[in-house]
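What follows is a set of notes on a single structure, which appears directly below.
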Amino acid sequence: MKLAEALLSYANWNARRAWEQFQDGDLNKRLDAVASAGIATELFLKHLLARQSPGLLAELTTGDKRSALLARLTFSSENYTTDLADVRSCTAEDAFYIHKEIEEIPTVLAVDEFKALMTVRNAACHLAAEARRSQIAEAIYSLTTMYEKARTAIPGLEWPFTNLEHVIDVFQYQHRQSSAAFIKEKIKLHGDGFRSGALLISDSGQPDDFLALWVAAIFDEDYSYGLPQRTPHKCVACKSPDGQLLCEVEPTTFYEPDDDNQEPTTWAQGEIWTPLAFACTRCALCLTPRELRTLELDKDGWAVNAAIPIPRRGDFEEIPEEFQVSRLA
């Protein structure tokens, strides 16, 4: 057996165990769940490194040159042998940051997700301490997200949660809704009454995940079956291009020439996108419809520009004679 295969096998075993124990009411089993989640995370990250090059698993910081050389020689064989028990590998944190730095390795965890997992794992393993229920739920959610990202990036990757899909789907929905409720509590007008605070949800780089949470919180609706239409708009806070205007869409017909003093000769079907709210997936600034409107009324240049309706036209074509109606008075 290759080392990468062994790492994946035991990571998967622990990931499934984490889910099975997480659903139990016994304290020891809940502690076992978060410990298993942490083990699964570390081993899965090391699996990704071993797939790329087993030498990446060697301990990074060591004052013992002989130990460092032995580790590199052992890992270079790629084989799963008893010699592995005598060498030191990199820490879970090192494995996480290495996997983020190497372009060929898919990034499967964000910083906040990794920290959520390690916090509850360390509390359980070092002090037999149980974290808050919300922290444990966040860790289990992050573990599942890690595997979902990996399955997308690595075709044929073994899925450890077979026969648990329904339970996982329900949990993820409930977790997203509770997170949305938490965000909604945090979004309050402050200062001179128009801007919500920056809410750092995640640096996962998944705008749809962020926007799904934000939309549910702002509009107090369930958007699990799709998001409002959105269009990029430069963020007023961080100046990044990762801002998103959330828009109401209305079908309409466009005419040319668009002049009340001339008869139109061509038309095009299209839509008018009216911006209602704003969210930045980089810095997490959120502006509710009320806040965006208040900014606009206060003549804030950014908001005035953001609130301009956006025409989306199709191809123009000649108006058929039977549809020609004079617009001249």
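Can you pull the percent of the stretch 264-310's accessible area that's carbon plus sulfur, 1.4 Å probe, other chains left in place?
Details: 1190 of 2110 Å².
Carbon with sulfur: 56 percent of the solvent-accessible area.
Given a 1.4 angstrom probe, what's the average accessible area per residue across the stretch 1-44, in square angstrom? Could the numbers behind the result be given before it?
Numbers: 1870 Å² over 44 residues.
Counting only protein heavy atoms, the per-residue value for the stretch 1-44 is 42 Å².
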Give the accessible area for Arg17 in Å² (nearest 10); use a 1.4 Å probe, count only protein heavy atoms, and leave out ligands, DNA and RNA.
80 Å²
Under a 1.4 angstrom probe, counting protein chains only, how are Phe161, Phe316 ranked by accessible area, largest first?
Phe316, Phe161
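Over 23 Å between Cα atoms: which of Lys2/Lys29; Lys29/Lys149; Lys46/Lys149 fall into that group?
Working: Lys2/Lys29 31 Å; Lys29/Lys149 27 Å; Lys46/Lys149 16 Å.
Checking Cα-Cα distances, Lys2/Lys29; Lys29/Lys149 exceed 23 Å.
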Rounded to the nearest 10 Å², the accessible area of Tyr141 using a 1.4 Å probe with every protein chain kept is 60 Å²
Just reorder Thr144, Thr107 by solvent-accessible area, largest first, 1.4 Å probe, all chains present.
Thr107, Thr144
Give me the one-decimal nm value for the distance between modelled label points at Arg88 and Leu157, 7 Å along each residue's Cα-to-Cβ direction.
3.0 nm
Label-point separation (nm) for Arg290 and Thr253, each offset 7 Å from Cα along Cα-to-Cβ?
3.9 nm
Sticking with the crude label model, points 7 Å out along Cα→Cβ, report the distance from Leu127 to Gln269 in nm, one decimal please.
6.3 nm
Additional length obtainable on full extension of the chain from Val304 to Ala237, 0.36 nm per residue less Cα span:
22.6 nm
Just read off the accessible area of Arg121 with the full protein assembly in place, 1.4 Å probe, to the nearest 10 Å².
40 Å²
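The values are calculated or read from the model by the stated rules, or taken from the named source; none is laboratory data. Remember, it's a predicted structure, so these values are computed and weren't measured experimentally. Glycine also receives a Cβ, built like all others from the backbone with ideal geometry; neighbour counts cover every protein chain displayed. Just so you know, the surface numbers come from the protein's heavy atoms only, side chains and all, with ligands and any DNA or RNA stripped out. Shrake-Rupley method; radii C 1.70, N 1.55, O 1.52, S 1.80 Å.
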